[in-house]
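Engineer: Quick one: structure below, then a few questions.
The values are calculated or read from the model by the stated rules, or taken from the named source; none is laboratory data. The structure displayed is predicted, hence computed values, not measured ones. Using ideal geometry, Cβ is built from the backbone for each residue, glycine included, and neighbour counts are taken over all protein chains shown.
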Amino acid sequence: MENDSLARLLYLVLLGSAIGGYFIVQNRGNLSRLAQQGAIWAFIFIGAIVAVGLWDDLRRTVDGPRATVMESGTIEVPRAADGHFYLRLGVNDTPVRFVVDTGASGIVLSREDARRVGLDPESLDYWGEANTANGMVRTARVRLDSLSIGGISDRNVTAWVNDGQMDQSLLGMSYLQRFAKIEIAGSRMLLHR
């Protein structure tokens, strides 16, 4: 340990001792309550350290596994715990999480994601219709300035905004067909440009 680090550690130990000594002197008539409060603060402190240490693991669990773009231009997409494949693409330079849906013919944005990428869902003309698992919904055709992942970028891309309730935006065949080859091998999907 360097001298500077040793000095800081010694300072923190002395400061902690002074603060702890103060609380012991102030609460000497009720040491059981002091011990209880000290234990609560120790658990809070340990919990904070654990949360910081596990933050990346927690984020991966909630957000799901991330796709990897290889030097060859191939995108490797791991299967999520729910069995689906998810891709996070930059839509007009805003990250949007899509579920890869080979049953969808196009790129379909939820109203919330459309708003996030700079579109105004309330001002769109919902003239189209789409047959979904939840029945018929109205759709509005839009143009996205850019759609990108890693070093792969497409410009002026046609997409649809769904007027109905959607939990997740869909990445359908109009985007997937831009790849020369799509393969599913075990728990991963490979998209070859």
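Engineer: Can you tell me which residue within region 26-75, out of those that are within 17 Å of the chain's Cα centre (by Cα) and charged (D, E, K, R), is modelled with the highest pLDDT?
Structural biologist: Arg66
Engineer: Pick from region 154-181 the residues that are without any contact (Cβ under 8 Å) to a residue 24 or more places away in the chain and in a strand (DSSP E or B): which of them is farthest from Ala114 (Cα to Cα)?
Structural biologist: Lys181
Engineer: May I ask you to list pairs of residues, at least six apart or on different chains, whose Cβ atoms are under 6 Å apart, with the first in region 118-132 being at pLDDT 90 or above and the second being surrounded by 12 or more Cβ atoms within 10 Å (Cβ to Cβ) and among the small types (Gly, Ala, Ser)?
Structural biologist: Sorted first by the residue in region 118-132, then by its partner, the pairs are Pro121/Ala114; Leu124/Ala140; Asp125/Ala140; Tyr126/Ala140.
Engineer: Could you tell me which of the residues Asp113, Asp125, Asp145 is among the charged types (D, E, K, R), in a loop (DSSP other than H, G, I, E, B) and over 16 Å from Ala67 (Cβ atoms)?
Structural biologist: Answer to the check: Asp125.
Engineer: Contact list please: Cβ distance under 8 Å, first residue in region 19-47 and free of Cβ contacts under 8 Å to residues at least 24 places away in the same chain, second residue exposed (fewer than 11 other Cβ atoms within 10 Å of the Cβ) and basic (Lys, Arg), pairs at least six apart or on different chains.
Structural biologist: Asn27/Arg33
Engineer: Before we move on, is Thr158 surrounded by 14 or more Cβ atoms within 10 Å (Cβ to Cβ), more than 22 Å from the chain's Cα centre (by Cα) and over 22 Å from Gly73 (Cβ atoms)?
Structural biologist: no
Engineer: Can I ask one more? So if I check each of Leu190, Leu124, Leu119, which one is surrounded by 12 or more Cβ atoms within 10 Å (Cβ to Cβ) and under 19 Å from Tyr86 (Cβ atoms)?
Structural biologist: None of the other options fit; the residue is Leu190.
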